[in-house]
Amino acid sequence: MTPEQIHSALAAKFGESVGALQPPNKDPWVEVKAPALREVCAFLKSDPELHFDCLMNLSTVDWPKKNQIHVVYHLFSYEKRHAFVLKVLLDRAAPALASVEPVWKSADWLEREQYDLMGVQFDGHPDLRRIMLPDDWVGHPLRKDYAEQADYHHISTTRESPLDGFVRLDEMTKRAAAAAAEEKTKSAPPAAAPTTQAAAATGAETPAPKTELPQ
Amino acid sequence: MTEPRRAPETPTMEMTSNKEVLRRIEYTGDMLLNMGPQHPSTHGVINFLVQTDGEVMKRAIPEVGYLHRSIEKIGERCTYNGFMPYTDRVDYIAAMFANQGWAMAVERLLGLQVPRRAEFCRVIACELNRISSHLISVGTMAMDIGAVTPFPYALREREFINDLLEELCGARLTYNYLRIGGVAFDLPSGYEDKVSTFLDHFEKILDEFNRLITYNEIFIKRLAHLAPIPAQMAIDYCLVGPNLRASGMSFDVRKALPYSVYPDFEFDVPVGKGEVGTPGDAWDRFWCRVEEMRQSCRILRQALAQLPKDTAIMGKVPRKIKIPEGTEAYSRIESARGDMQYYVVAGPGENAHRVKIRTGSFTAMGIIDALSRGLMIADLVALIASLDVVAPEIDR
């Protein structure tokens, strides 16, 4: 079935809980109101015409500008070979929606991942806990305003760059030469200047002043 | 030095601890063991919390995340081109596919056409990589259950492929070969002959490998009827790739939703039939991988024969890739570990707003808890190996 047909089947059954088809994107998607999600998903799976037997992917997108978190469901039907995309738009402050784990078992780990990294609460999930990060980690890293904690169990999460204050060798030589020249102009009496000029005039080379490299 | 970044004072949500999990398993006098995270046969840094009664497991709970490098977050910070080397690290055994998934997702965002020769280069590189990945998989699986001999045989063949890929792109593991809109390098001169010489050699080795291990009496007795996955369960848990096909479901993204130049090639999709045991058992998953290597050889031969003579290997890619904010693309490719999917939402600048990578190993790990009930501990090792999970691909 085409996305248009799937959408009209959904709109006929659920009315206002299902938004309009968004065709400008490469993969058209449909917004579903959060309270109706579980029923919509159960219908999509059980209806013999639609028969979406697989939840392929569950992702979340953080939109601080819109103050929203989008939960995106990529569905696929192995029998009918068609795909469909559902989106639930949640409030950013307290994102919570019903778990679809009773409908598709693959949602178990996919929802845990999004809970861990984005902080979306899936009500009715059998085992909602962090999956990637340690259980006592603070914050949800995929949020756009996430700030990493400074240390974790006294292990610093940042480190000083070993290159801080590093000066290249040729830069060091240059600086040493400049310092030596400055030293010389300060200490040398102005009377010494004519002799150098005289030496230059006679063609005699004055030995270059030896500058010591800093250790 | 910059000011250290501070986390918010109050955690946003209540945490559940590991102890909570232990408490959930009611106390029955069983043993609770940690298998991993440095166990040699868990294929990377994975921990299994095993509740056992003697040798029989009641449950094995996979604990993952030890290799989490937040590649998805890195993808939001890098430019589209700059993210390509990071995708290698998603699955370092089969890096070429992660490259291709990312390239295809961004090409889809841009509406870009890839030159035909570049597509052939991609197919040749990917199929070589598929063979090398499956060699590691079948070799380590045999080793995990005690047959040490096949592993060096498999690694020896993999060395040839590593050499071939090194000649192609300069790297033996993390290739960074694909580019958005094409490939980085054309095939070197004489490459076709080298690959076909390798294929002549390798097809004979595959028969030898089958005699050595696949149809070995002890091996069959060890794996037949072990942890069979019915097709319906495999779909429900979203198993993909060889794991799904071993359960009797004939689905290959290259066939079902053709991409690149795969429609031009003839190949079969090996499906597990329960030849020596139950359909979808561990032996079927092993056999599917061995057969897929043979099919990859077929694809490679056809790709070499049909290789276009034109020289363009890069499409017309803008110097700065800018995509209207909020545009989305989804790409599906058949990786060595199955259906690999990228979901990309474009950001305002030159980088993505969100990158989500759905990998085969991640969903394969999710089924282990359900399958482990009532298995022997030694069979858990065979089960993990037969599902061909790779730790970095689970954690990303």
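Comparing A:Val32, A:Val167, A:Val103 in a Gaussian network model of chain A (Cα springs below 10 Å), the most mobile by mean-square fluctuation is A:Val167. Each label point was placed 7 Å from the Cα along the Cα-to-Cβ direction; for A:Leu89 and A:Ser46 their separation is 2.9 nm.
For A:Lys184, the lysines whose Cα comes closer than 25 Å to its Cα, not counting residues fewer than 8 places off in the same chain, are A:Lys174, A:Lys210. Remark: mean inter-chain Cβ contacts per residue of A:126-135 equal 6, using a 10 Å Cβ-Cβ cutoff to other protein chain atoms. Averaged over peptide B:342-350, the number of partner chain Cβ atoms lying within 10 Å of each residue's Cβ comes to 2. Residue exposure proxy: B:Cys169, B:Cys126, ordered by other Cβ atoms within 10 angstrom of their Cβ from fewest to most, comes out as B:Cys169, B:Cys126.
Using Cα pairs closer than 8 Å and at least 6 residues apart in sequence, work out the relative contact order for segment B:229-364, in percent.
Values: 210 pairs, mean separation 32.2, N = 136.
Relative CO of segment B:229-364 lands at 24 percent.
The helix-based estimate of mean residue ellipticity at 222 nm for chain B, built from -39,500 (n - 2.57) per DSSP H run of four or more residues and divided by its residue count, is -13500 deg cm²/dmol to the nearest 500.
Hydrodynamic radius of segment B:244-385 by the Kirkwood approach over all distinct alpha-carbon pairs: 18.4 Å. By the count of other C-beta atoms within 10 Å, a proxy for reagent exposure, A:Tyr146, B:Tyr343, B:Tyr86 are ordered fewest to most as A:Tyr146, B:Tyr86, B:Tyr343. Label reach from B:His201 (point 7 Å along Cα→C-beta): in segment B:124-156, amide nitrogens under 12 Å belong to B:156.
If the limit is 23 Å between Cα atoms, which of A:Lys65/B:Lys73; A:Lys45/A:Lys66; A:Lys87/B:Lys322 go over it? Numbers along the way, then the final one.
Numbers: A:Lys65/B:Lys73 18 Å; A:Lys45/A:Lys66 31 Å; A:Lys87/B:Lys322 25 Å.
In this structure, A:Lys45/A:Lys66; A:Lys87/B:Lys322 lie more than 23 Å apart at Cα.
Exposed loop sites here mean trypsin sites (Lys or Arg not before Pro) with a DSSP loop assignment and at most 10 other beta-carbon atoms within 10 Å; chain A contains its longest site-free run at A:66-158. Rounded to two decimals, the Cα radius of gyration of the protein assembly as shown over 2.2 N^0.38 Å is 1.15. Counting only Cβ charges, +1 for Lys and Arg and -1 for Asp and Glu, the dipole size of the protein assembly as shown around its Cα centre is about 1160 debye.
Compute the signed sum of charges (Lys and Arg +1, Asp and Glu -1) over the other residues within less than 14 Å, Cβ to Cβ, of A:Pro48.
-1
Look at the alpha carbon pairs under 8 Å that are at least 6 residues apart: their mean separation over the length of chain B gives a relative contact order of 25 percent. What number, rounded to the nearest 500 deg cm²/dmol, is the helix-based mean residue ellipticity at 222 nm of chain A, given -39500 (n - 2.57) per DSSP H run of at least four residues and division by all its residues? It lands at -9500 deg cm²/dmol.
With a ≥ b ≥ c taken as the square roots of the eigenvalues of the C-alpha gyration tensor of segment B:38-80, please select rounded if a/c is under 1.5 and otherwise prolate if a/b is larger than b/c or oblate if it is not?
Details: a/c = 5.83, a/b = 3.27, b/c = 1.78.
Prolate, because a/c is 1.5 or more and a/b exceeds b/c.
Put a plus charge on the Cβ of each Lys and Arg, a minus charge on the Cβ of each Asp and Glu, and nothing anywhere else: the dipole of chain B about its Cα centre is then about 900 debye. For segment B:165-211, the Kirkwood hydrodynamic radius from C-alpha pairs, put into Stokes-Einstein at 10 °C and a viscosity of 1.306 mPa s, yields a diffusion coefficient of 127 µm² per second. Ordering B:Leu49, A:Leu169 by the number of other Cβ atoms within 10 Å of each residue's own Cβ, fewest first, gives A:Leu169, B:Leu49. Is chain A rounded, prolate or oblate when judged by the Cα gyration tensor, a ≥ b ≥ c being the square roots of its eigenvalues, rounded requiring a/c under 1.5 and prolate requiring a/b larger than b/c? Cα axes put chain A in the prolate bin. Label segment A:96-154 by shape, choosing from rounded, prolate and oblate, from the square roots a ≥ b ≥ c of the eigenvalues of the Cα gyration tensor; if a/c is under 1.5 it is rounded, and otherwise prolate applies when a/b is larger than b/c, oblate when it is not. Because a/c hits 1.5 or more and a/b exceeds b/c, segment A:96-154 counts as prolate. Among B:Thr87, B:Thr140, B:Thr79, the largest mean-square fluctuation in a Gaussian network model of chain B, built with springs joining Cα atoms closer than 10 Å, belongs to B:Thr79.
Pairwise Cα separations in segment A:1-41 fall into 10 Å bins from 0 onward with the following percentages, short to long: 30, 57, 12. The value obtained for chain B, namely the Cα convex hull volume divided by the number of residues, is 165 Å³ per residue.
Across peptide A:51-61, the average count of Cβ atoms from other chains found within 10 Å of a residue's Cβ is 6. Modelled spin labels at A:Arg159 and B:Asp186, positioned 7 Å past Cα toward Cβ, are 4.4 nm from each other.
Over segment A:1-114, the pair-distance histogram of Cα-Cα distances with 5 Å bins from zero comes to 2, 12, 23, 27, 21, 11, 3, 1 percent, rounded to whole numbers.
Projecting the Cα atoms of A:Val40, A:Gly124, A:Leu89 onto the charge dipole of chain A, computed from C-beta unit charges around the Cα centre, puts A:Leu89 farthest toward the positive end.
With both labels modelled 7 Å from their Cα along Cα-to-Cβ, the B:Thr79 to B:Leu307 distance reads 3.1 nm.
We did not get these values from a lab; they are worked out from the coordinates using the rules stated. This is a predicted model, so every value here is computed, not measured. Here Cβ is always computed from backbone atoms with ideal geometry, including for glycine, and neighbour counts include all displayed protein chains.
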